[in-house]
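The values are calculated or read from the model by the stated rules, or taken from the named source; none is laboratory data. Small disclaimer: the values here were computed from a predicted structure and weren't measured. Note: ideal-geometry Cβ built from the backbone for every residue, glycine included; neighbour counts use all protein chains shown. Please note that ligands, DNA and RNA were not included when accessible areas were found on the heavy atoms of the full protein model with its side chains. Shrake-Rupley method; radii C 1.70, N 1.55, O 1.52, S 1.80 Å.
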Amino acid sequence: MTTWQEPVIELPHYSLPEAPGPVGGCDVCAALADQRAAAQRVGDLSRVVDCNVEMRRHPHPGRRGRR
């Protein structure tokens with residue numbers, strides 16, 4: 001019986017987009033930034049990404065949220 005190893009598959013590197021900053025004077029953005037920082041401290045990367053998504057989609061006057 002002959003066995004062999006399959007060739008190695010190179011996967012492309014994927015990087016996350018830059019984290020959004022909170023909009024000054026917005027309590028929702030400030031709370032999300034605090035939650036994101038807490039999640040980063042404990043290594044909860046899923047929550048970090050969730051906070052980033054919420055911050056990007058959070059509407060502000062004169063700015064349209066992305067969906």
Going by alpha carbons, how many degrees (0 to 90, nearest 10) lie between the helix axis of 45-57 and the longest principal axis of the chain? 50 degrees
Could you give the size of the charge dipole of the chain about its Cα centre, using +1 on the Cβ of each K and R and -1 on the Cβ of each D and E, expressed in debye and rounded to the nearest 20? 440 debye
Helix-only mean residue ellipticity at 222 nm, the chain, DSSP H runs n ≥ 4 weighted -39,500 (n - 2.57), per residue, nearest 500. What is it? -14000 deg cm²/dmol
If you roll a 1.4 Å probe over the heavy atoms of the protein chains, what accessible area per residue do you get for the chain, in Å²? 88 Å²
Counting only protein heavy atoms and a 1.4 Å probe, tell me what percentage of the chain's accessible area is made up of carbon and sulfur. 55 percent
